[in-house]
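Written out below as structure tokens is the structure these notes cover.
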Amino acid sequence: MTVGLLASKESVHIRLGANKEIVSADDVVFEDQHQEESRTMIHEFEYLSDYLEDFAQSLSMGKPQFVTVTELGRQTTFRYEADGGKAIILTRAHRGVEQALKEAR
Amino acid sequence: MMGLQSPTQETLARLLADLYAQPGVCGACLQVRDTVLIHDLPYSDDRIDSLAKRIDRLIAGYENVGRSIWQICAGFEKYRLLILCRSNTRLSILLKPETDPALIAGRATRLLMEVEIPTEAAVPSAAPAQSHAATTPLPVTTAGENGIGREELEKLVTGLLSRVTGSVTASKLIQRELAGKNGSFPREEARKLGLAVLENIPNRGKREALVSEFLNALNS
């Protein structure tokens with residue numbers, strides 16, 4: 001699927017600070033036509049975080065560390081950073097979890 | 001597919017047990033929408049019912065915006081939670097943190113294909129895996145009736161194979177498998193052909209991951 005943020009790139013990186021502000025990101029994220037999608041991805045991390053914290057508590061699994069979401073033509077990896085920040089990597093290819101996590105570092 | 005036989009709780013329990021052939025699996029839960037069909041996770045049934053409802057809401061949130069999710073893998077300090085989705089069925093697997101989810105996903109996807117539940121089907125009562133009392137048969141569907149064209153199949157398999165091998169090699173492998181076969185294939189035949197090509201990937205982890213992706217794409 002080659003639409004939106006992945007129209008011209010194989011992968012897109014966004015790094016968020018502890019206050020959820022964008023610390024760094026690929027240029028494409030800041031293009032006007034992609035800002036809404038970029039904001040949606042940041043919102044998606046919040047959406048997933050609520051569930052992860054819920055799962056962590058109810059199943060006694062420890063703190064959440066990452067989550068990958070795989071769908072047709074795209075995979076999104078959200079990773080919690082040690083400094084309270086968060087990393088997001090969006091890829092066209094479906095990568096193994098280990099590889100996706102390495103790329104999110 | 002389960003053929004003409006509907007899967008009973010015993011069959012489901014056997015299928016879940018098959019997941020344990022892969023090291024690192026701590027338990028699994030199979031649900032249709034928010035109703036648990038069977039589970040062997042080390043938690044109470046009440047807690048699992050609650051988990052199943054939350055997982056369904058999580059997936060529904062994506063479906064409501066037109067995103068059909070195949071897989072979610074969440075990592076925690078003590079475990080990984082792998083959630084596979086197929087139609088209205090979800091399979092959640094609890095893994096040890098050092099386990100590669102790709103190795104489990106291929107096997108789990110095949111399990112999901114065997115127990116595919118029609119959307120309008122009545123959902124049977126939940127039962128823990130250890131219980132052999134419930135034998136309510138579950139309805140199953142047959143494979144999709146629509147065929148897939150050679151060109152479409154070739155494109156799908158080439159896209160997957162080219163991630164792990166050169167395009168020339170990928171093309172040769174596909175042409176060899178599809179030699180003399182033209183037109184449209186029934187889903188089952190397309191599945192066999194695709195799997196036969198992907199069988200050439202020597203790395204087990206990569207092979208399992210691509211097989212999983214192939215099966216999802218073929219049936220989406």
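Just so you know, all these numbers are worked out from the coordinates, no wet-lab data involved. All values derive from a computational prediction rather than experimental measurement. Heads up, the Cβs are rebuilt from the backbone with ideal geometry, glycines too, and the neighbour counts pull from every protein chain shown.
Determine the shielding of peptide A:86-97 by partner chains: average, over its residues, the number of Cβ atoms on other chains within 10 angstrom of each Cβ. Present the calculation step by step, with values, prior to reporting the outcome.
Working: counts 0, 0, 0, 0, 0, 0, 0, 4, 11, 3, 10, 12.
Average neighbour count from other chains, rounded to a whole number: 3.
Per residue of A:70-77, what is the mean number of Cβ atoms on other protein chains within 10 angstrom of that residue's Cβ? Intermediate results must be reported in sequence, preceding the final value.
Details: counts 12, 10, 8, 2, 1, 4, 1, 1.
What the average comes to for A:70-77 is 5.
Considering the alpha-carbon set of the protein assembly as shown alone, what are its Rg and its Dmax in angstrom?
So, for the protein assembly as shown, Rg and Dmax equal 20.0, 60 Å respectively.
Per-residue mean of other chain beta-carbon atoms within 10 angstrom of the beta-carbon, peptide B:195-207? Don't skip to the answer; put the middle values down first.
Values: counts 0, 0, 0, 0, 0, 0, 0, 0, 0, 0, 2, 1, 0.
Rounded to a whole number, the mean comes out at 0.
How high is the FRET efficiency between A:E103 and B:D46 when r is their beta carbon distance and R₀ equals 45 Å, given to the nearest 0.05? Before the final figure, lay out the partial values.
Numbers: r = 39 Å, r/R0 = 0.87.
The formula returns an efficiency of 0.70 here.
For region B:9-128, report the translational diffusion coefficient in µm²/s to the nearest whole number, using Stokes-Einstein at 10 °C, 1.306 mPa s, and a Kirkwood Rh over Cα pairs.
111 µm²/s
Which distance in nm do the two modelled labels at A:E31 and A:K63 give, with both placed 7 Å along the Cα-to-Cβ direction?
Between A:E31 and A:K63, the label points sit 3.6 nm apart.
Can you find, among A:I14, A:S24, A:T70, the residue sitting farthest towards the positive end of the charge dipole of region A:5-83, where Lys and Arg contribute +1 and Asp and Glu -1 at Cβ?
Looking along the dipole axis, the top candidate is A:T70.
Please report, to one decimal in angstroms, the Kirkwood hydrodynamic radius of region A:4-103 built from all distinct Cα-Cα pairs.
Hydrodynamic radius (Kirkwood, Cα only) of region A:4-103 equals 14.0 Å.
How high is the relative contact order of region A:4-103, given as a whole-number percent (alpha carbon pairs under 8 Å, six or more residues apart)?
Numbers: 137 pairs, mean separation 30.4, N = 100.
For region A:4-103, the relative contact order is 30 percent.
For region B:67-83, in order, what is each residue's ³J(HN,Hα) by Karplus, 6.51 cos²θ - 1.76 cosθ + 1.60 with θ = phi - 60°, in whole Hz (x at glycine and Pro)?
Values, residue by residue: 10, 9, 8, 8, 7, 10, 10, 10, x, 10, 4, 9, 9, 10, 10, 9, 10 Hz.
Quick one: 3J(HN,Hα) in Hz for region A:38-47, Karplus 6.51/-1.76/1.60 with θ = phi - 60°, rounded, Gly and Pro as x.
Coupling constants for region A:38-47: 5, 5, 5, 5, 5, 5, 4, 4, 5, 4 Hz.
Pull up all non-local amide H partners of B:F76: gap of 5 or more, or a different chain, and H-to-H distance under 5 Å with H placed in the peptide plane.
A:Q65, B:L81
Which of A:K9/B:K155; A:K20/B:K96; A:K20/B:K78; B:K181/B:K206 have a Cα-Cα distance over 22 Å? Please report the intermediate quantities before stating the final value.
Details: A:K9/B:K155 20 Å; A:K20/B:K96 30 Å; A:K20/B:K78 26 Å; B:K181/B:K206 27 Å.
Over 22 Å Cα-Cα: A:K20/B:K96; A:K20/B:K78; B:K181/B:K206.
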